[in-house]
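Participant: My questions will all concern the structure given below.
Laboratory data are not the source of any read-out in this text; all were calculated from the coordinates shown. Please read all numbers here as calculations on a predicted model, not as lab measurements. Cβ atoms come from the backbone with ideal geometry, glycine included; neighbour counts cover every protein chain shown.
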Amino acid sequence: MKEGSALPKNETYYHSVRLDVEKCKGCTICLKHCPTEAIRIRNNRATILSERCIDCGECIKVCKHHAKVAVTDPLDIIHKKRYAIALPAPTLYAQFPGEHKATAIIAALFRLGFDDVFEVARGAEVVSYAIGKTLISQDRTLPVISSACPAIVRMIQINFPSLIENIIDIVSPMEAAAKIAKEEFARKHGVPAQEIGAYFITPCAAKVTAVRAPIGQEESYVDGVISILDVYTAMNAFIKEGFEPFEIDRASAVGIRWAAPGGEATAVGSRNALCVDGIENVMRVLEQIENNRFDRLDYFEGLACVNGCLGGPLTVENAYVAKNRLNRIIKHAEQKKVNRTAIFEHAQDTLRMTKPIEPNNVLQLEGSIFERLEKAERIEQVLASLPGLDCGSCGSPTCRALAWDIVHGDASEMNCIHKLNERISALASQMIELERSTRFSSPQEGEKTQLRAKEESSHEAFRV
Amino acid sequence: MIKETYPVKAGDMTAAGDVSARIKRQMKQLGISAPIMRRISVCTYEAEINLVIHSLGGELTFEIMPGKILVCARDRGPGIADIDKAMTEGWSTASNEVRNMGFGAGMGLPNMKRNADEFSITSQVGVGTEISMGFLI
């Protein structure tokens, strides 16, 4: 699905992840996989509860009918401003078959029409440096939690508000790259900053949302987000044709590594880090962090996708194939030593978040404390009357979620097919009972007529 | 205003943590502030693990009162002979098996005391232990 810049930035609950109603069959697969219980099936179609969605893209990955899509910007957006800089996520390098060095891939970006390319891996280098310094020097609540995966940050806002203070207050590599890329380009070519656009080439839907509705910043430095899926075919053709040499400052292994799980923890130089990928796993670990179950853990890198950004919903290549390929690219990059301490020192202070990360209270009941208590009680009562199978047939992901929806007037008990079945059986036996008690009221009628009446009565009941 | 009681089974490590997770969900629904919720979570989790590992079974109660949340852990034995010793960091009677699972480091009671605004513990050998923790809201 394509979209220009029609949607304003900072719209309340902007989301990249959307539903293509035409394709939705109303099955329960996405419903059961959504980590924040943000999906309901109503009137045989999925609907996304905007305030709960964290744009993790799990539903995009699991939907067999491809009814869940990520809205990204079309490639045309690069003409929005006079100059266009591509910001390739390091994940992009691992997408193309064959022994290609990152150089070939960067060259293909120039051929797509960009005036310059600034590797997000370079942004990651600066961010690594800044986080590393923070880890050593500051008195912080441990473990420090990475802010790089926007879906995890949003998950923490909803489900783990007490861990918000642990999130590192440094912007993501994408933002750092956009900021530095524009500054460097403006200086080098002597052009005003407002004429330069920076466009992220993304494996991730949540990054689109992170740009449209940023967390920790008033506004994003990124001017557009283009899906890897949309540039893949053209780039692949360019790569096969070979490339012209170009000159840009290249990223080192430190930054490229961020594409795979653990790369970030290695890059920031933590002494006791933990990296977890896959959003369900991350949630379990955050639960344990909240319970103080970790000793002296100083850094936590949580990635919503299995295999980190390499497993993003907008990637082409299988994540394991990509991981293997990225390892070779990293090895190649390792041979190069880059010393950019001066740039890092200069940049690190400008990369702090400027806005606090706020909790998202969607799990909180509304009203005064008394009203909340009363609702909580009603939820428990309704829940006790439900079968507890968590089958999802009602259109809510669990019986508890249905109980919540019923109390909020968004569903009724009869949404539960098991309760409905019970009710129908009860009605059917009432009808039979009624029929029996009236059996001898018309003695002239024969047995066949009686049987037919019985059949009809139960048939009636099923139509209730 | 609200009082909920959750039974905790002795020795059932697979279910250990379920009750504290339920209490946490309830606190999120009710809108208890994040820092208080964090402290209560740590305490209910430690108390629940204690009941599973050390007791013969018991219950956790979660009670909201004006200005305060009260969490109580009551069990049916075996009781603690020397409470002062049990309150010392690093002291534990946990079996090797339990320690191998990453529990029984002797930090449970001290952790609870540190995180609660009010803390009291009474115990009788052969009868049971009762821990009461208050959190000002």
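Participant: Per 0.36 nm of contour for each residue apart, how much would the distance between residue A:342 and residue A:393 grow if the chain were fully extended, relative to their Cα-Cα spacing?
Facilitator: Once the chain is fully extended between residue A:342 and residue A:393, it gains 12.4 nm.
Participant: Let me ask another. So, in nm, how far is label residue B:113 from label residue A:318 when the simple model puts each one 7 Å beyond its Cα toward the Cβ?
Facilitator: 5.7 nm
Participant: Please work out how much length the chain gains when fully extended from residue A:295 to residue A:247, using 0.36 nm per residue of separation minus the C-alpha to C-alpha distance, in nm with one decimal.
Facilitator: Contour length minus Cα-Cα distance gives 12.6 nm.
Participant: If R₀ is 30 angstrom, what is the calculated FRET efficiency for the pair residue B:120 and residue A:354, using the beta carbon separation as r and rounding to 0.05?
Facilitator: Computed FRET efficiency for residue B:120 and residue A:354: 0.10.
Participant: Let me ask another. Starting from the Cα of residue A:50, move 7 Å in the Cα-to-Cβ direction to define the label point; list residues of the range A:201-244 whose amide nitrogen is under 19 Å from there.
Facilitator: A:206-215
Participant: For residue B:5 and residue A:65, what is the calculated FRET efficiency with R₀ set at 41 Å and r taken between the beta-carbons, to the nearest 0.05?
Facilitator: Approximately 0.35, to the nearest 0.05.
Participant: May I pose another question? Looking at chain A, what % of its DSSP beta bridges pair antiparallel, to the nearest 5?
Facilitator: 30 percent
Participant: Of all chymotrypsin sites (Phe, Trp or Tyr not before Pro) in the range A:87-190, which ones are in loop regions per DSSP and have a Cβ with at most 15 other Cβ atoms within 10 Å?
Facilitator: Passing sites in the range A:87-190 do not exist.
Participant: Which pairs in the list A:182/A:207; A:207/A:331; A:101/A:182; A:32/A:68; A:101/A:188 are over 22 Å apart, alpha-carbon to alpha-carbon?
Facilitator: Beyond 22 Å: A:207/A:331; A:101/A:182; A:101/A:188.
Participant: Roughly how many whole Å is it from the C-alpha centroid of the range A:131-185 to that of the range A:370-426?
Facilitator: The distance from the Cα centre of the range A:131-185 to that of the range A:370-426 comes to 39 Å.
Participant: Before anything else, pin down the relative contact order of chain A: Cα pairs under 8 Å, at least 6 apart, normalised by residue count, whole percent.
Facilitator: With pairs under 8 Å counted, the relative contact order is 19 percent.
Participant: Further, regarding this structure: Which longest run of chain A has no exposed loop site in it, a site being trypsin sites (Lys or Arg not before Pro) in a DSSP loop with at most 10 other beta carbons within 10 Å, and the site itself not part of the run?
Facilitator: Between the exposed loop sites, the longest stretch runs A:65-270.
Participant: For residue A:140 and residue A:21, compute 0.36 nm times the residue count separating them, minus their Cα-Cα distance, and round to one decimal in nm.
Facilitator: 38.2 nm
Participant: How big is the gap, in Å, between the Cα center of the range B:19-89 and the Cα center of the range A:42-106?
Facilitator: 44 Å
Participant: Related question: I'd like the orientation of helix B:34-54 relative to chain B: the angle between its Cα long axis and the longest Cα principal axis, in ° from 0 to 90, rounded to 10.
Facilitator: Between helix and principal axis, roughly 30 degrees.
Participant: Another one. Roughly how many debye, to the nearest 20, is the charge dipole of chain B about its Cα centre, given +1 on each Lys and Arg Cβ, -1 on each Asp and Glu Cβ, and no other charges?
Facilitator: My answer is approximately 420 debye.
Participant: Tell me the label-point distance for the pair residue A:332, residue A:13, using the 7 Å Cα-to-Cβ offset, in nm and rounded to one decimal.
Facilitator: Placing both labels 7 Å along Cα→Cβ, they lie 4.5 nm apart.
Participant: Let me ask you something else. How about the range A:234-332: which chymotrypsin sites (Phe, Trp or Tyr not before Pro) there are in a DSSP loop, with at most 12 other Cβ atoms within 10 Å of their Cβ?
Facilitator: Of the chymotrypsin sites (Phe, Trp or Tyr not before Pro), the ones in loops of the range A:234-332 whose Cβ has at most 12 other Cβ atoms within 10 Å are A:246.
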